[in-house]
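To start, the structure under review is shown below, and the notes come after it.
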Amino acid sequence: MTQDTRRANVETSRDSVTEWLLDSDPAIRWQVLRDLTDSPAEEVAAERARVAREGWGAALLGARDPDGQWLGGACFPGRGEPPADGSQPWTSTLPVMLELRALGLDPASPEAQEMTAAVAANCRWEYDDLPFFDGEVEECINGHTVTLGAYFGADVDGIVSRLLAGRLDDGGWNCEAEHGATVASFNSTICVLEGLLEYEEAGHATDETRAARRGGEDYLLERSLLRRKSTGEVPVEAWREFSFPTRWHYDVLRGLEYFRRADRRDPRLEEAIDLVRSKRQDDGHWLLENTHPGPAHVRYDEGDGHPSRWNTLRALRVLAWWDR
């Protein structure tokens, strides 16, 4: 096979994958148009506007309670029996709003503004009955809440101040710090980093947030996004497996998506990039590998082991960023 033939086959595969991605929900389509094609901004915006009215986005918005919450709870449902298998339900306000952000619900849309106002007025944390956008005590939850507040336009300055004060000596964060943990965790650190980045992109950057974010990034980079700094081993094999939605769980693709958005290119990302490349199937797709168990309002893919539009989109834009 000549080099020209090989290049033509790659281009054909890329085109067919793009068509497969576009044959999907508006939440996928608008991000493909924005990130993987040269589509005009007007076409991207028009497709994005459909998220609130059609498909997955409309299904999530339609699952709300009359007061604007989901199942009467912040992190956990306020009613109904817990899952018999002990899994965590993803049907309450925090995880659903995170899904809507991932779908790209336009924060300027009437649906998003009404939703945010209702949550601010009516939703309170299971911890100390605090208002939703005041946050609570766990860093991963607070990081997620900063992400949502910054994205949807709520005031989360108080949470950011607490996160800055709670950074550990190694540069990261840990939800168990309230119980004495002194070493950061990947799960908590990625949640906080995503929140701080969203906060800065919303126009609230300070020298303190930039320094904290840089320190958290270095915590992950010093570990090549998946290894122990002390021994070089991979402590959690699931970090090599790509999920969507990621919930509060870390994995390598989620880490790379953060660094893509932050536009921080570093040689210490190369092992993680190689892992993403290695998981591309012969037909150009990536699989769903690690669905986090628990009830949810929407299922986005056919299941683990099947081609995943979300993981394919996310992997392609990470590689496009790295290879540009």
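The table for this structure:
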quantity: Dipole magnitude (debye, nearest 20) for the chain, charges at Cβ of Lys, Arg, Asp, Glu; calculated: 680
quantity: Selection of chymotrypsin sites (Phe, Trp or Tyr not before Pro), the range 68-154, meeting DSSP coil and at most 14 other Cβ within 10 Å; calculated: 127
quantity: Zone of residue 121's modelled label, taken as backbone nitrogen in the range 92-115 under 12 Å from a point 7 Å along Cα→Cβ; calculated: 114-115
quantity: Exposure rule at most 15 other beta-carbon atoms within 10 Å, DSSP loop GluC sites (Glu not before Pro): the chain longest free segment; calculated: 127-221
quantity: In the range 15-57, the trypsin sites (Lys or Arg not before Pro) that fall in loop regions by DSSP, at most 16 other Cβ within 10 Å; calculated: 53
quantity: Distance between modelled label sites at residue 306 and residue 210, nm, 7 Å Cα→Cβ extension; calculated: 4.6
quantity: Residue among 58, 246, 161 farthest towards the positive dipole end of the chain, charges placed on Cβ; calculated: 246
quantity: Rounded percent of accessible protein surface that carbon and sulfur make up, the range 105-248, 1.4 Å probe; calculated: 46
quantity: Unit charges at the beta carbon, dipole of the range 1-150: most positive-side option, 87, 125, 113; calculated: 113
quantity: Sparse-neighbour loop sites [trypsin sites (Lys or Arg not before Pro); the range 126-230; at most 16 other C-beta within 10 Å; DSSP]; calculated: 227, 228, 229
quantity: Net charge, residue 29 excluded, C-beta distance under 13 Å - Lys, Arg +1, Asp, Glu -1; calculated: -3
quantity: Theoretical ellipticity at 222 nm over the chain - DSSP helices of four or more residues, -39500 (n - 2.57) apiece, nearest 500; calculated: -15000 deg cm²/dmol
quantity: Extension reserve of the residue 271-residue 108 stretch, reckoned as 0.36 nm per residue once the Cα distance is removed; calculated: 54.9 nm
quantity: Spin-label pair residue 201/residue 298, simplified geometry with 7 Å Cα→Cβ offset, distance in nm; calculated: 1.8
quantity: Per residue accessible area of the chain, 1.4 Å probe, in Å²; calculated: 45
quantity: Spin-label model distance (nm) - residue 14 vs residue 46, 7 Å beyond Cα toward Cβ; calculated: 2.6
quantity: Chain lengthening between residue 234 and residue 37 when straightened (0.36 nm per residue, less Cα-Cα); calculated: 67.4 nm
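The values are calculated or read from the model by the stated rules, or taken from the named source; none is laboratory data. As the structure is a prediction and not an experimental result, all values here were calculated from the model. Neighbour counts run over all protein chains shown; Cβ positions are idealised from the backbone, glycine included. These accessible areas exclude ligands, DNA and RNA; they are computed on the full protein's heavy atoms, side chains included. Shrake-Rupley method; radii C 1.70, N 1.55, O 1.52, S 1.80 Å.
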